[in-house]
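Report on the following structure.
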Amino acid sequence: MMALQVITANRLLDGRVVFLADSGRWVEAIGQSRVADSEEAATALTAVAEQAAAAREVVAPYLIEVARDGDRLTPRRYREVIRALGPSSHPEFGRPDSVTAARQE
C-alpha cells in the first residue's frame, strides 16, 4: 500500500507555504489538501502542480507523505510539520492561523 501524499509548494505572490486542494486551488491549510492514495493519483496531482508552476502561481511543488488521523492530516516528516504550522521555537512565532488550522484539520 502506498503512503498518503499531498502536494506542497510556495505561492509565488507572497512566498507562503500552500497545498494543492480540489479543482487546482492552492490553500494554506494542509487539512484542505487533496490526498493521493495511489501512484496514479500522485501522478495526476503532480501534473496539476507542474501546470501551476508553469503558470507562475507557485514555485517548487513536490509530494510529501502525510498521515490521516480521522479528518486530520499531519505531515510525516518534521521539516514539513514546520512548513505547515510554522516555527517550533514558540507558538507565538508560528503562523497566525497554525493553532486554529491544526485544530480544524
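Table: residues versus (1) exposed (fewer than 12 other Cβ atoms within 10 Å of the Cβ); (2) part of a helix (DSSP H, G or I); (3) modelled with pLDDT under 85.
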{"residue": "79", "(1), (2), (3)": "yes, yes, no"}
{"residue": "83", "(1), (2), (3)": "no, yes, no"}
{"residue": "87", "(1), (2), (3)": "no, no, yes"}
{"residue": "92", "(1), (2), (3)": "yes, yes, yes"}
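Pick from the stretch 46-70 the residues that are open to solvent by 20 Å² or more (accessible area, probe 1.4 Å), aliphatic (A, V, I, L, M) and closer than 15 Å to residue 2 by Cα: which of them is farthest from the chain's Cα centre (by Cα)?
67
Among the residues of the stretch 40-66, those identified as in contact with a Pro (Cβ under 8 Å, 6 or more places away or on another chain) and more than 15 Å from residue 25 (Cα to Cα) are 64, 65, 66. Just a yes or no: is a residue in the stretch 15-32 outside any helix (DSSP H, G or I), in contact (Cβ under 8 Å) with a residue 12 or more places away in the chain and of a type in the set (S, T, N, Q)? Checked the stretch 15-32: no residue is outside any helix (DSSP H, G or I), in contact (Cβ under 8 Å) with a residue 12 or more places away in the chain and of a type in the set (S, T, N, Q).
Which ones in the stretch 46-76 are aliphatic (A, V, I, L, M) and outside any strand (DSSP E or B)? Once the filter is applied, which keeps residues that are aliphatic (A, V, I, L, M) and outside any strand (DSSP E or B), the stretch 46-76 yields 47, 48, 49, 52, 53, 54, 55.
If you scan the stretch 17-37, which residues turn out to be under 16 Å from residue 75 (Cβ atoms) and either surrounded by fewer than 13 Cβ atoms within 10 Å (Cβ to Cβ) or of a type in the set (A, V, I, L, M, F, W, C) (or both)? Listed by number, the residues that qualify are 17, 18, 19, 20, 21, 27, 29, 30, 35, 36.
The condition of being within 13 Å of the chain's Cα centre (by Cα) and β-branched (Val, Ile, Thr) holds for only one of 43, 74, that being 74. With respect to residue 40, is the statement that it is open to solvent by 50 Å² or more (accessible area, probe 1.4 Å) and at pLDDT below 85 true? Against the criterion (open to solvent by 50 Å² or more (accessible area, probe 1.4 Å) and at pLDDT below 85), residue 40 does not qualify. Could you grab me the full set of residues in the stretch 1-16 that are more than 17 Å from residue 75 (Cβ to Cβ) and over 14 Å from the mean Cα position of the chain (by Cα)? Residues satisfying the conditions are 1, 12, 13, 14.
The values are calculated or read from the model by the stated rules, or taken from the named source; none is laboratory data. Nothing here was measured: the structure is a model prediction, and the numbers come from that model. With ideal geometry, Cβ positions are generated from the backbone for all residues, glycine too; neighbour counts draw on all protein chains shown. Only protein heavy atoms, including side chains, enter the accessible area calculation; ligands, DNA and RNA are left aside. Shrake-Rupley method; radii C 1.70, N 1.55, O 1.52, S 1.80 Å.
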